[in-house]
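Heads up, the thing below is written out as structure tokens.
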Amino acid sequence: MEKRPFSELGLSPEILKAVDKMGFEEASPIQTAVIPFGMAGRDVVGQSATGSGKTAAFAIPAIEKVDVRLRKVQVLVLCPTRELAVQVSEEFGKLAFFKKGLMEVPIYGGQSYERQFRALAAGAQVVIGTPGRVMDHMERGTLQLDALKVIVLDEADRMLDMGFRDDIEHILKSVPTERQCLFFSATMPRLIQELIKRYTRNPEWVRIEAHAANAPQVDQVYYEVDRRNKIELLTRLIDLHDFRFGIIFCSTKVMVDELDDHLHARGYATDRLHGDITQAQRTRVMEKFRRRGFEFLVATDVAARGLDVDDLEVVFNFDLPNDGEDYTHRIGRTGRAGKKGKAFTFVAGRELYKLQSMIHYARLNIRRERVPSMDEVEEAKGNVFVEKLRATLDEKKFRSHDQMIDRLLEQGYTSTDIASALIHLMQTDGNEPAKAPPTKPKAERIAANENYTPAPVAAKAERSLPPRAAPVPPVRSSQPESTRPYITPSAPAAARPAGAKPAYERKPRTGREPGFTPLSFNIGRVHLVTPADLVGKIAGVTRLPANIVGAIDIHEDYTHVDVATEHVEAVVAKLAGIRVKSQSLKVSLVSPDAK
Ligand code: ADP
Ligand code: MG
């Protein structure tokens with residue numbers, strides 16, 4: 001399918017300036033096809049892959065139709081989720097940047113009616129909303145559609161899947177008949193075709209095949225893996241490829257929570273999205289993710305539906321999606337705009353058959369690969385380090401330390417030994433020799449992986465995954481538990497780049513540091529708990545930096561943990577009932593006279 005410059009599509013100077021400002025060089029195939037029909041007032045049914053630019057395909061002609069002097073709703077976009085509504089609204093905002101007086105407003109459940117009502121009353125001409133909330137506003141009389149010119153159904157198949165059929169039909173019936181209808185759907189099941197027949201007039205069908213040139217460039221691989229080794233495989237792949245930005249899909253909310261906690265405790269910067277998370281929180285998470293405020297988003301399909309994030313390096317199907325279509329939706333978030341992305345799918349046990357049938361029916365192009373060994377991970381990390389070093393040398397991005405080096409050389413050390421010693425120091429942070437990986441921030445978090453033993457997962461991982469290269473010895477394990485430093489340098493919590501004081505510098509006894517309050521946990525030596533377990537759990541569950549945990553003193557069947565006084569309440573509340581080492585935690589304040 002051809003692509004044309006926007007300037008050939010009969011658009012206003014305001015829109016041309018806006019697409020230029022957005023950095024779009026030319027219209028994508030779906031845009032090239034849809035925009036002229038949209039401009040001519042025709043109804044359109046559009047079908048194309050995720051990431052092919054459908055939003056601008058309908059938003060551009062819709063914006064061109066708006067009369068900004070008329071402060072009434074003229075464009076209504078229905079979409080399946082609040083996230084998508086917000087995104088589409090943002091895209092409208094950007095595209096209409098130079099069209100003065102145009103106001104768009106997203107309306108969706110979970111946000112107060114009052115606020116949405118105010119935006120509507122202020123005269124928004126473009127409303128982007130989920131069908132349920134749009135219906136509500138129509139019934140309350142806060143959304144009037146008598147001046148509507150364009151109605152858009154974005155991801156119509158999704159909306160039907162989500163049970164919005166009645167709402168959609170009701171809305172379509174209540175809008176003026178002299179309106180233009182732009183209809184987008186990835187698939188065209190019978191129900192959709194019926195809707196199209198009933199509510200569009202002589203529509204122009206535009207279908208862009210997802211062949212090589214348009215298809216997002218995604219390298220797709222699947223791994224057969226034992227369910228309990230999935231986390232291990234996940235972290236290996238992340239480390240092997242040095243990924244910094246991706247989404248990890250799980251099939252349930254519970255799995256999302258669990259995986260997010262695990263990854264967090266292992267030192268990865270993660271956050272989560274699923275249906276039980278409040279709207280305010282979701283919006284925060286999404287914004288933070290887009291700004292790359294953390295590395296990996298753990299999410300369910302519904303929560304991440306339509307989420308548009310640029311430059312995603314990777315999508316993990318930690319759990320298999322329901323069908324080929326969901327698969328395509330998920331992986332469509334990587335490899336956008338001609339960039340190459342990666343998609344990894346994990347299949348456990350019988351899921352293999354399901355995947356094979358998906359591959360067959362949806363003609364997916366996924367190849368099988370062997371689970372990478374720990375040695376390969378190590379080697380890859382070494383390569384990354386050498387590359388970084390080379391770049392630093394080539395670009396001369398460093399201050400020279402000639403004097404210091406000369407002094408060492410004069411004392412008879414060779415330059416190669418000096419360099420090796422430096423690398424060693426970087427790897428170990430100047431502590432116990434551990435065969436830790438080379439790059440620094442990454443090294444810390446890998447080390448965390450190696451040492452982290454979440455009860456069943458890592459322990460059993462040994463069985464079917466190749467042995468790890470460097471089992472890290474517990475630091476100073478010869479000392480009795482209650483007097484050794486609470487956390488090993490490479491323990492999970494220490495890996496978090498929270499600006500925390502390294503955990504191993506902490507003082508050994510609890511209840512002595514100012515600003516800290518000792519708490520008692522009903523878990524101790526008999527439960528085989530380690531300081532790393534506790535710090536990992538506390539940081540993971542509260543999502544606070546590891547440095548809120550001070551000294552840890554493990555006793556026979558209880559443990560005293562110093563916690564930054566300001567966070568004591570949160571720790572007590574959030575940790576209660578959490579399972580550590582099969583023990584349901586009880587947390588209480590240590591009475592002042594206890595030692
Ligand atoms: P879809 O709705 O088809 O899944 P989107 O409309 O969400 O796709 O667009 C995907 C991404 O591509 C967005 O980040 C969007 O800004 C970008 N995009 C859209 N059109 C173009 C274009 N003509 N050139 C470059 N990038 C574009
Ligand atoms: Mg879209």
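Hey, Gln281 hits all of (1) loosely packed, with under 14 Cβ neighbours inside 10 Å; (2) touching a residue at least 12 places away in the same chain (Cβ under 8 Å); (3) not hydroxyl-bearing (Ser, Thr, Tyr) but one; which does it fall short on?
Only one criterion in (1) loosely packed, with under 14 Cβ neighbours inside 10 Å; (2) touching a residue at least 12 places away in the same chain (Cβ under 8 Å); (3) not hydroxyl-bearing (Ser, Thr, Tyr) is unmet by Gln281, namely (2).
Taking interchain pairs and intrachain pairs at least six residues apart, which have beta carbon atoms under 8 angstrom, with the first residue in segment 146-175 and closer than 19 Å to Thr50 by Cβ and the second part of a helix (DSSP H, G or I) and of a type in the set (Phe, Trp, Tyr)?
So the pair list comes out as Val152/Phe58; Asp154/Phe58.
What do you reckon, is Gln217 of a type in the set (S, T, N, Q), closer than 28 Å to Lys340 by Cα and more than 19 Å from the chain's Cα centre (by Cα)?
So Gln217 fits the description; yes.
Here are Ser7, Ser28: which of them is near ligand 1 (Cβ under 10 Å from one of its atoms) and modelled with pLDDT under 95?
Ser28
For (1) modelled with pLDDT of 95 or more; (2) part of a helix (DSSP H, G or I); (3) within 13 Å of ligand 1 (Cβ to nearest atom), each residue gets a yes or a no:
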site	(1), (2), (3)
Arg42	yes, no, no
Phe58	yes, yes, yes
Pro61	yes, yes, no
Val68	yes, no, no
Val77	yes, no, yes
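Within segment 10-25, work out how many residues are near ligand 1 (Cβ under 8 Å from one of its atoms), in contact with a helix residue (DSSP H, G or I) (Cβ under 6 Å, 6 or more places away or on another chain) and in a loop (DSSP other than H, G, I, E, B).
Of the residues in that region, 1 qualify.
Out of (1) more than 16 Å from ligand 2 (Cβ to nearest atom); (2) in contact with a Ser or Thr (Cβ under 9 Å, 6 or more places away or on another chain); (3) not hydrophobic (A, V, I, L, M, F, W, C), what's the single condition that is false for Glu155?
Only one criterion is unmet by Glu155, namely (1).
Of the numbered conditions (1) more than 18 Å from Ala156 (Cα to Cα); (2) within 16 Å of ligand 2 (Cβ to nearest atom), Arg82 satisfies every one except a single condition; which is it?
Going through the list (1) more than 18 Å from Ala156 (Cα to Cα); (2) within 16 Å of ligand 2 (Cβ to nearest atom), Arg82 breaks only (1).
Here is a check on your reading of the model: is Asn317 within 28 Å of His360 (Cα to Cα), polar (S, T, N, Q) and at pLDDT 85 or above?
Yes, satisfied.
Under the condition of being away from ligand 2 (no atom under 14 Å from the Cβ) and not acidic (Asp, Glu), which residue from segment 41-59 is surrounded by the fewest Cβ atoms within 10 Å (Cβ to Cβ)?
Residue satisfying both the conditions and the ranking: Gly41.
Collect the residues in segment 70-88 that are in contact with a Gly (Cβ under 9 Å, 6 or more places away or on another chain) and of a type outside the set (Val, Ile, Thr), keeping them in residue-number order.
Once the filter is applied, which keeps residues that are in contact with a Gly (Cβ under 9 Å, 6 or more places away or on another chain) and of a type outside the set (Val, Ile, Thr), segment 70-88 yields Leu70, Arg71, Lys72, Leu76, Leu78, Cys79, Pro80, Arg82, Glu83, Leu84, Ala85, Gln87.
Residues being within 19 Å of Ile30 (Cα to Cα) and away from ligand 1 (no atom under 16 Å from the Cβ): count how many of those fall in segment 174-199.
3
Of all residues in segment 515-554, count the ones that are at pLDDT 85 or above and surrounded by fewer than 19 Cβ atoms within 10 Å (Cβ to Cβ).
The qualifying residues number 1.
Which of (1) surrounded by fewer than 20 Cβ atoms within 10 Å (Cβ to Cβ); (2) farther than 22 Å from Tyr199 by Cβ is the odd one out, the single condition His170 does not satisfy?
(2)
Quick check: is even one residue across segment 296-314 within 16 Å of Thr50 (Cα to Cα), modelled with pLDDT of 80 or more, within 16 Å of ligand 2 (Cβ to nearest atom) and assigned by TED's automatic domain parsing to the domain that holds Phe243?
The answer is yes, given that some residue of segment 296-314 is within 16 Å of Thr50 (Cα to Cα), modelled with pLDDT of 80 or more, within 16 Å of ligand 2 (Cβ to nearest atom) and assigned by TED's automatic domain parsing to the domain that holds Phe243.
Does Ser52 qualify as being in a loop (DSSP other than H, G, I, E, B) and within 14 Å of ligand 1 (Cβ to nearest atom)?
So Ser52 passes the test.
I'm trying to understand the selection: among the residues of segment 31-40, which are buried (at least 24 other Cβ atoms within 10 Å of the Cβ) and within 10 Å of ligand 1 (Cβ to nearest atom)?
The one that is buried (at least 24 other Cβ atoms within 10 Å of the Cβ) and within 10 Å of ligand 1 (Cβ to nearest atom): Gln31.
Between Arg284, Arg272, which is at pLDDT below 90 and either within 12 Å of the chain's Cα centre (by Cα) or at negative phi (or both)?
None of the other options fit; the residue is Arg284.
The values are calculated or read from the model by the stated rules, or taken from the named source; none is laboratory data. Worth saying up front: this structure is predicted, and the values here are computed from it rather than measured. Backbone-built Cβ (ideal geometry, glycine too); neighbour counts: all protein chains shown.
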